[in-house]
1. So how much slack lies between E115 and I367, counting 0.36 nm per residue of separation and subtracting their Cα-Cα distance, in nm?
2. Determine the relative contact order of the chain: mean sequence separation of Cα pairs under 8 Å and six or more apart, normalised by residue count, in whole percent.
3. Can you list residues whose amide H is under 5 Å from C252's amide H, if they're 5+ apart or on another chain and H is modeled 1.01 Å from N?
4. Sort region 120-211 into rounded, prolate or oblate with this rule: let a ≥ b ≥ c be the square roots of the eigenvalues of the Cα gyration tensor; rounded if a/c is under 1.5, and if a/c is not under 1.5, prolate when a/b is larger than b/c, oblate otherwise.
5. Filter the trypsin sites (Lys or Arg not before Pro) in region 199-289 to those in DSSP coil with at most 12 other Cβ atoms within 10 Å of their Cβ, and list the result.
6. Given the alpha-carbon gyration tensor of region 59-155, what are the semi-axes of its equivalent ellipsoid in whole angstrom, ordered largest first, with each equal to the square root of 5 times an eigenvalue?
7. Of R124, R324, how do they rank once you tally other Cβ atoms within 10 Å and put the fewest first?
8. Given just the C-alpha atoms of region 163-252, how large is their convex hull per residue in cubic angstrom?
Amino acid sequence: MTVTSERLHNQLCQDLGAHVPIFGFTHSLDATIAISKAGGVGIWGATRSTPDEIEAGVTRMAAELGDLPYGLDLVIPPNMPERDNRPEIEAAIPDEHRQFVAGLRAKYGVPDDGEPGMRSRFVRSEDMARAQVDVVMDSQIKVLALGIGSPEWVIGPAKERGKTLVSLVGQPKHAERAIQAGADILVAQGTDAGAHTGPIGTFSLVPQIVDIGAANGIPVVAAGGVATGRHIAGALALGAVGVWVGTAWLFCAEEHLAPETQAKLLAAGSADAVISRADSGKTLRQIRTSWTDEWAAAEAPEPLKMPYQDILVGDLLGQIDRHRVKPLMHSPVGQSVAYFDEPTTVAEVMAHLVDDAEAALGRLDAIT
Ligand SMILES: Cc1cc2nc3c(=O)[nH]c(=O)nc-3n(C[C@H](O)[C@H](O)[C@H](O)COP(=O)(O)O)c2cc1C
């Protein structure tokens, strides 16, 4: 069911063809499609997908969504290796780190099935990013979001093809850089957010980025901790023209999260969404589990940089999920985890966000 709201419908909605100014980020294609069908803008996180998978996903979105707005997100950090050369990466991993990971495998009985996980099925490299971007350039994708990095070799060709460029930023200096590179929309993502996140809280960050955006004629959307309509009303009051939501979809049937992991999220409060570099080498907010505790212990080594940490732990992480090794199963999640205590659906989340935002804005009208 599509949600509509005269109150929330604004220029951003008009520009993108959305009913409400709510972007929904998810790694699930089913959830992405459901978000766009519900009136928002579904953004498919495809950075861990191969070019062939991206092609298939984009074809499916085009077939199911037609003219509805939707997009795709890639993460292209600077200084990645040029080629996907796993032996080269493995040769640089210190013994201490290998032994620590082998110790975790033994302690928790994680079977080694010889298969990689999502983070180790390919090495994040410049070659791979270029192959992924090539598929996007040739596709009908209208919105391309960049989670980390704003390389000119992506932005130039994307703009030539009329794509809308969205850059996620966590600090004012990132916003300046993204605008210089050619971003059309900025997502100001505060530390409250799930997954890779910076040090500045959403409330502190959004007005700073809004000011930078305003000076350059670039609209800003707020991310990090948005889970209710009160947050949407707050984001609008801070000067944002919309919101970008990630954590909320993890509770939806369309996300297909493992039930063991979802149960941990349903039981969690905001303080259980902790930051660790253990998954990727970059600061990643996730549910606190034995995994984060083990890596935070005094005897644990410092996680390596991306992509070395990806390769160090990637196979193990895949095997933990495939063999359902419960104490170590986890997911990125933001501090808004506290707002969800039962499984839901994308349509329900969207309806609730919009109804609640209208109510919150109504209360503000009554005050002023
Ligand atoms: C499970 C999960 C995975 C994420 N993966 C990515 C990613 O691959 N690329 C990206 O740009 N952002 C990613 N994010 C961050 C979202 O784009 C978004 O900024 C964030 O979830 C917003 O804050 P919230 O989690 O409080 O709603 C992820 C978030 C979650 C919860």
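1. 84.9 nm is the gain from fully extending E115 to I367.
2. Value for the chain: 20 percent.
3. Result for C252 returns T344.
4. Note, shape of region 120-211 comes out oblate.
5. none
6. Details: eigenvalues 233, 68, 25 Å².
Largest first, region 59-155 gives 34, 18, 11 Å.
7. Working: R124 22, R324 12.
With the sparsest Cβ surroundings first, the list reads R324, R124.
8. Spread over its residues, the Cα hull of region 163-252 gives 93 Å³ apiece.
None of the figures in this text is laboratory data; all of them are computed from the coordinates on show. Just so it is clear, the model here is predicted, and its values are computed rather than measured. Every residue, glycine as well, gets a Cβ built from its backbone with ideal geometry; the counts of neighbours run over all protein chains shown.
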